[in-house]
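*Asks:* Would you mind keeping the following structure in view while I ask a few things?
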């Protein structure tokens with residue numbers, strides 16, 4: 001295992017300065033080069049840009065290929081140095097065996113934050129939180145593919161701002177239905193279509209309709225961000241979708257949230273007309 005130090009205050013400024021326009025991919029952009037984490041910046045709630053316990057490392061080989069290991073010990077993530085817009089993100093992930101308090105016996109949890117806005121830590125009003133304002137592709141046992149509209153505080157006025165999104169549901173619940181009634185949401189979670197109504201926050205939970213593979217097996221995520229729309233695909237199945245999203249560009253952040261997880265093949269693809277069909 002290689003231990004790769006990450007992040008510094010200078011990089012933090014570069015990510016959020018916003019001096020340049022966001023990048024729209026016109027070819028495949030690999031965000032993980034298979035060797036190191038040089039395209040990312042570290043943020044952890046207890047230590048900010050210092051990764052003292054090596055939460056984020058590169059593993060030379062797991063299942064025959066290099067991967068990013070996120071231990072889950074501390075809450076936070078690795079964020080891209082660049083801002084991106086209008087892309088199809090392709091990611092492969094699988095769970096490890098390690099879990100940490102306070103989620104040691106709870107469902108393995110992580111996620112990918114898209115279109116991140118504002119300074120790191122703005123999930124809390126003192127700017128020491130693990131996340132920042134964004135739209136999240138939730139990765140959690142039983143709930144992978146949920147959309148979470150992550151609110152964050154404005155640095156200047158101190159106002160808490162919640163991303164907004166329109167999704168189709170049955171009109172009563174926050175569960176995505178492909179042919180349902182359009183509803184506008186802010187600062188909430190929209191469940192993927194097959195999330196088990198009896199879901200419990202327990203380690204190893206699996207629902208009757210889960211698309212995610214069991215722990216130890218690799219899953220393929222595809223997320224299409226096209227203007228104000230987002231489409232979540234898991235293992236070839238469209239599991240969630242929204243339109244009129246109030247965010248359309250920003251860095252991406254891969255979370256550390258109490259469970260060991262591995263990521264590989266992290267790529268941004270140009271938008272194309274071919275899209276997986278809804279279930």
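*Asks:* Arranged from highest to lowest average of other beta-carbon atoms within 10 Å per residue, in what order do the peptides 210-218, 145-153 appear?
*Replies:* 145-153, 210-218
*Asks:* Let me ask you something else. Would you order 120, 185 from fewest to most other beta-carbon atoms within 10 Å of each residue's own beta-carbon?
*Replies:* Ascending number of Cβ neighbours within 10 Å: 185, 120.
*Asks:* Continuing with this model, one more query. Determine the calculated [θ] at 222 nm for the chain from helices alone, applying -39500 (n - 2.57) to every DSSP H run no shorter than 4 residues and normalising by the residue count; nearest 500 deg cm²/dmol.
*Replies:* For the chain, the value works out to -1000 deg cm²/dmol.
*Asks:* Now a separate question. For the stretch 9-269, what are Rg and Dmax over the alpha carbons, in angstrom?
*Replies:* 17.1, 49
*Asks:* Quote the relative contact order of the stretch 37-163 in percent (integer), defining contacts as alpha-carbon pairs under 8 Å separated by 6+ residues.
*Replies:* It rounds to 18 percent for the stretch 37-163.
*Asks:* If the convex hull of the alpha-carbon atoms of the stretch 36-114 is projected onto planes in all directions, what is the mean projected area in square nanometres?
*Replies:* Result: a mean projected hull area of 6.3 nm².
*Asks:* Among the DSSP beta bridges whose two residues both lie in the chain, what percent are antiparallel, rounded to the nearest 5?
*Replies:* Once the DSSP bridges in the chain are tallied, antiparallel ones form about 95 percent.
*Asks:* Relative to the compact-globule scaling 2.2 N^0.38 Å, provide the ratio for the alpha-carbon radius of gyration of the stretch 120-170.
*Replies:* The stretch 120-170 yields a ratio of 1.30.
*Asks:* Starting with the highest mean, order 80-89, 24-33 by the number of other Cβ atoms within 10 Å, averaged over the residues of each peptide.
*Replies:* 80-89, 24-33
*Asks:* Arrange 156, 177 by Cβ neighbour counts within 10 Å, fewest through most, would you?
*Replies:* 156, 177
*Asks:* Before anything else, pin down the relative contact order of the chain: Cα pairs under 8 Å, at least 6 apart, normalised by residue count, whole percent.
*Replies:* Normalised by residue count, the contact order of the chain is 27 percent.
*Asks:* Something else about it: Please work out whether the stretch 154-227 counts as rounded, prolate or oblate from its C-alpha gyration tensor, where a ≥ b ≥ c are the square roots of the eigenvalues and a/c under 1.5 means rounded, while otherwise a/b larger than b/c means prolate and anything else oblate?
*Replies:* Prolate.
*Asks:* With the Cα gyration tensor of the stretch 88-221 giving a ≥ b ≥ c as the square roots of its eigenvalues, does the rule (a/c under 1.5 for rounded; else a/b larger than b/c for prolate; else oblate) give rounded, prolate or oblate?
*Replies:* Oblate is the answer for the stretch 88-221, as a/c is 1.5 or above yet b/c matches or exceeds a/b.
Where a number appears in this text, it was derived from the coordinates with a stated rule and is not lab data. Here the structure is a predicted model, which means the values were calculated and not measured. For neighbour counting, all protein chains shown are included, and Cβ atoms are generated from backbone atoms with ideal geometry for every residue, glycine included.
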